[in-house]
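Chemist: Sharing a structure below in structure tokens format, with a few things to ask.
Please treat every number below as a calculation from the coordinates, not as lab data. Note that the coordinates shown come from a computational prediction; the quantities given were computed from them, not determined experimentally. Cβ coordinates were reconstructed from backbone atoms using ideal geometry, including for glycine residues, and neighbour counts include every protein chain displayed.
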Amino acid sequence: MGDSKLVFDRTVQLMQDRLSLSSLNQKVISGNLANLNTPGYSAKETSFEHVLRESMEQAGTRLTLSDPGHLDPGDAGAAMQNVELLETGPVDLDTEMMKLSRNSMEYQFIVTMLNKKFSMMKTAIGEGGL
Amino acid sequence: MDLDNAFKISASGLRASRTWLNVISANLANANTTRTASGKPYERRTVIYESVPSVDSFSEIYDGALGEDLEKVRVNAVVPDGRDFKEVYDPSHPDADVDGVVKMPNINSVEEMANLVMASRAYEANLAAMATARQLALKALEIGK
């Protein structure tokens, strides 16, 4: 997708990365649930949230923030590229089930957003007409 | 497909839980078995779970940089747990020794039932993960609709 920035802008790229990340998250959670009763297994978690926060704290130079409340988009894209797996100790069934349903909601939310984006593009292509 | 691995991992969990369920069933069924092929009473069996990397082909390693960190589960072995037999005084039993003592399998049905619940919960959890993966895969087909 990379170069066709005119049609597929940053938003689409970000949502695409977020979908990949949610897929990875699904696999990580599946792995934790499969190893629920494996002795010595440590639950795994993607480092995305942590990396995202760090990336937002290292203020970028792209946008001027005129208010401390403004969020700098920073390099959220890069945060999603450099995902690592962290080990978080024994598997907790309830935590994993919570993460499972949250991840599923996030995934479906992004797909809906992506469809909205495409429908906006269609409107633009059709010059807002029928 | 990207979620393929999620299905495989969940499937490994389902398989492992089912093996455990089978072992527990065998233990409960043989709670009073005094004769086996080896001549001894039935020995309580237990499963050993082992986590193994979830990638099993070159293309999967090539595709997923994080693939080798994700682990599925495998039943490494089903082993007798080596605890002593229960000794019950029952001179009328055909397998009683000269003192009238029968060696019975050391199976505690409460313990087996507790394990049964755990195995069944693990099975359900893996099933839920698999159902979610399926839901996500179907949702992905809606992109651009």
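Chemist: So how far, in whole Å, is the C-alpha centre of the stretch B:2-17 from the one of the stretch B:78-143?
Modeler: After rounding, the separation between the Cα centres reads 21 Å.
Chemist: Now for a different question. Given only helices, namely DSSP H runs of n ≥ 4 each adding -39500 (n - 2.57), what is the per-residue ellipticity at 222 nm of chain B, to the nearest 500 deg cm²/dmol?
Modeler: My calculation for chain B gives -15500 deg cm²/dmol from helical runs alone.
Chemist: Using a Cα-Cα cut-off of under 26 Å, which lysines could be cross-linked to A:K117, ignoring same-chain neighbours fewer than 8 residues away?
Modeler: A:K5, B:K139, B:K145
Chemist: Label-point separation (nm) for A:M121 and B:E124, each offset 7 Å from Cα along Cα-to-Cβ?
Modeler: 4.3 nm
Chemist: Turning to a different aspect of this structure: Run the numbers for B:D84 and B:R134: contour at 0.36 nm per residue of separation, minus the present Cα-Cα distance, in nm.
Modeler: That pair, B:D84 and B:R134, stretches by 13.4 nm at full extension.
Chemist: Work out from phi, with θ = phi - 60° and the Karplus expression 6.51 cos²θ - 1.76 cosθ + 1.60, the ³J(HN,Hα) of each residue of the stretch B:36-49, listed in order in whole Hz, and give x for Gly and Pro.
Modeler: 10, 4, 7, x, 8, x, 4, 9, 4, 10, 9, 9, 10, 8
Chemist: Separate question: Apply the Karplus parameterisation 6.51 cos²θ - 1.76 cosθ + 1.60, with θ equal to phi minus 60°, to every residue of the stretch A:88-94 and state each ³J(HN,Hα) to the nearest whole Hz, in sequence, with x for glycine and proline.
Modeler: For the stretch A:88-94, the Karplus curve yields 10, x, x, 6, 10, 4, 5 Hz.
Chemist: Related question: Between B:A114 and B:S92, what is the label-to-label distance in nm when each label sits 7 Å out along the Cα-to-Cβ direction?
Modeler: 3.4 nm
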